[in-house]
Amino acid sequence: MTSTLDRPAFTASTKPANSSLSVTFFGVGRSFGTGKENRQVLRDVDLVVNPGEVLVILGPSGCGKSTLLRAVSGLDAPSTGRVLIDGTAVDGVDPRCAVAFQEPRLLPWQSVERNVALGLPQGTSVKEGSARVAELLRLVELDGHSGLRPREISGGMAQRTSLARALARRPGVLLLDEPFGALDALTRLKMQDLLLDIHSAYPTTVLLVTHDVDEALQLADRILVLGRESGEEAATVSRILAVPGTRPRNRNSEELGQMRSSLLASLGVDSGRH
Amino acid sequence: MSSLTDLANILPGNAVQPRNHPLETRWGRGLLGALVPLVLLVLWQAATAFGWVSTSQLPTPESVFSAAVQLLEGGTLAQHIAISTQRVLIGFAIGAILGLVVGALVGLSELADALLGPFIGAIRAVPSLAWVPLLILWLKIGEDSKVTLIVIGAFFPVFTTVYLALRHVDKNLIEAARAFGLKGTRLLTTIQLPAVVPAVFSGLRLALAQSWLFLVAAELIASSMGLGFLLMDSQNNGRIDRLFLAIILLALLGKITDALLGFAERKAIKRWA
Ligand SMILES: Nc1ncnc2c1ncn2[C@@H]1O[C@H](COP(=O)(O)OP(=O)(O)OP(=O)(O)O)[C@@H](O)[C@H]1O
Ligand SMILES: [Mg+2]
């Protein structure tokens, strides 16, 4: 695994890239625009995500969930505060992370297989690379479609391709931004199970954004709810909930039902109607 | 997952196109495309045969044909065609390569854009034929001045399309590639270049058309050979049959070179888009 070669700072801690890493948010805030246009989106996010943990991030649309993930991946830098992965600050695109974006973002001129291969860490040998890609395609049930172009596959297949591409990296931190957003309910459940399988086969820290409270309850060790306090412009941590029980959880348990109502309430939904 | 597999098979991209409509077969299209020229030829023949138009304005098809035969036998027609084609190909090649390189530079680098953008914009604003007197003064009435004019004509369409296409490469794709550790040349060859291939080809086709345009301009102004010269010479000698011949040859050559490029374009788009 030579993904750390181009970042000498990390060669000191020669951890294999596929071990789970902790993520620490340290007073993270982000504002966009300058002068009068300046808008604070996130403020004072303080949180430690343990290695191997699955943290699900919930929050109303536009509250900064994607922005928070981008700060971890290093695609974006917070305006205030820092993000640490495994104790070292994120500075620029971080090879220890892999992202599945909210949209699949596949290269239209390459096959599904080549798109997944794009996620392989640099320096992966051809032989190992193609074996890993083949395995991942099997895992996300796209092995029969590896030669197709993105425009020839469905939205859900594209999202699975995007997930496989992120997994190809064997990341220490896996960032998933509404990875199952475009899937129908049934495929969604299958993909959730798949994610759990993958997580136990290749332990990694997962930060997953979703709008779906049930998905959060099914997947999370802890749930982070982002929200704005009344009168505040910026969102911050409004709740952190540990979800009891081991996965796969019984989707109908009473305890989860109560958490569900409480989560919906904090998202501003009247759960009595659902 | 077989339900998903079935789903994939009925997606539009995989659907089997019905191929029996005349517009969708190669022969059907070829025949339809030949229809208008054929009708025109018949009308032309009729107009001259029935005396609708005087032959001093419109030569008969036979006279154009015999003008072609005569010039061919004298060996000059082949020379005219060869020299014109040579000028276009050299000028187009140099102009296109320069357009690709400079367009890529200015499209990819903010610095180069800030430095060169306004200058190139100003040069482009000069109507290209305005360069002719200067080119003749600097390069004399030889091959160089003609080829240079064609280079100028071919440069701008390629430059502009490459530059704009690079500016409009999907930012999300670039970001995704950066997230997976691509940067520098690898980012360029993995994302930016493939993304602009279709645009590059439409720029090249525009440039080729411009090259023929500028060839005729250059040859009309100062030359002793080539199809533009044939036009000029025929006008001076009142040889309307040769005038027609030159125009038809320009149409044919333009169409053939464009078709070759179009063939390459289809291959490239199949691969890259
Ligand atoms: N590059 C940017 N420039 C300016 N504003 C931005 C930028 N990126 C995000 N924002 C703003 O930050 C806010 C949060 O955006 P973000 O994409 O993080 O929301 P989100 O929680 O992921 O929403 P959704 O659930 O709809 O995906 C939005 O109001 C958005 O307008
Ligand atoms: Mg988002």
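The values are calculated or read from the model by the stated rules, or taken from the named source; none is laboratory data. Since we're looking at a predicted model, the values are computed, not measured. Every residue, glycine among them, receives a Cβ derived from its backbone with ideal geometry; neighbour counts consider all protein chains shown. Surface areas here come from the heavy atoms of the whole protein model, side chains and all, with no ligands, DNA or RNA. Shrake-Rupley method; radii C 1.70, N 1.55, O 1.52, S 1.80 Å.
On the basis of being away from chain A (no Cβ under 14 Å), touching an Asp or Glu at 6+ places or on another chain (Cβ under 9 Å) and crowded, with 17+ Cβ neighbours inside 10 Å, does B:Arg167 make the cut? So B:Arg167 does not fit the description; no. The conditions of being within 13 Å of ligand 1 (Cβ to nearest atom), closer than 26 Å to A:Val140 by Cβ and of a type in the set (A, V, I, L, M) are not met by A:Leu226.
Just one of the listed residues (A:Arg222, A:Arg165) is over 28 Å from A:Thr80 (Cβ atoms) and among the basic types (Lys, Arg), namely A:Arg165. Residues in region A:197-210 that are surrounded by fewer than 19 Cβ atoms within 10 Å (Cβ to Cβ) and either under 13 Å from the mean Cα position of the chain (by Cα) or modelled with pLDDT of 90 or more (or both): A:His199 alone.
Scanning region A:50-71 for residues that are more than 12 Å from A:Phe26 (Cβ to Cβ) and hydrophobic (A, V, I, L, M, F, W, C), we see that the one that is farthest from ligand 1 (Cβ to nearest atom) is A:Val54. Among residues of region A:253-268 that are touching a residue at least 24 places away in the same chain (Cβ under 8 Å), those with a Cβ under 9 angstrom from a residue that is of a type in the set (Ser, Thr, Tyr), sequence gap 6+ or separate chain, pair up as A:Arg260/A:Ser271; A:Leu263/A:Ser271; A:Leu264/A:Ser271; A:Ser266/A:Ser238. Using the structure shown, decide if B:Phe263 is in contact with a Pro (Cβ under 9 Å, 6 or more places away or on another chain) and assigned by TED's automatic domain parsing to the domain that holds B:Ile97. Here the answer is no, as B:Phe263 does not meet what is asked. Within region B:124-148, residues that are open to solvent by less than 50 Å² (accessible area, probe 1.4 Å) sit with their Cβ atoms under 9 Å from residues that are of a type in the set (Asp, Glu), at 6+ positions apart or across chains, in these pairs: B:Leu135/B:Asp144; B:Lys146/B:Glu219.
Please work out which residue is surrounded by the most Cβ atoms within 10 Å (Cβ to Cβ), limiting yourself to region B:238-273 and to residues that are touching a helix residue (DSSP H, G or I) at 6+ places or on another chain (Cβ under 7 Å), within 14 Å of another protein chain (Cβ to nearest Cβ) and in a helix (DSSP H, G or I). Checking each candidate, the answer is B:Trp272. Candidates are the residues of region B:170-206 that are away from chain A (no Cβ under 14 Å) and surrounded by 21 or more Cβ atoms within 10 Å (Cβ to Cβ); the one that is nearest to B:Leu108 (Cα to Cα) is B:Gly203. Cβ separations smaller than 6 Å between residues 6+ apart or across chains give no pair from region A:65-83 residues that are free of Cβ contacts under 8 Å to residues at least 24 places away in the same chain to residues that are within 9 Å of ligand 2 (Cβ to nearest atom). Taken as a whole, the condition of being free of Cβ contacts under 8 Å to residues at least 12 places away in the same chain, among the aliphatic types (A, V, I, L, M) and part of a loop (DSSP other than H, G, I, E, B) does not apply to B:Val42. Only residues that are open to solvent by 10 Å² or more (accessible area, probe 1.4 Å) and either among the charged types (D, E, K, R) or more than 13 Å from ligand 2 (Cβ to nearest atom) (or both) were counted in region A:48-64, giving 5.
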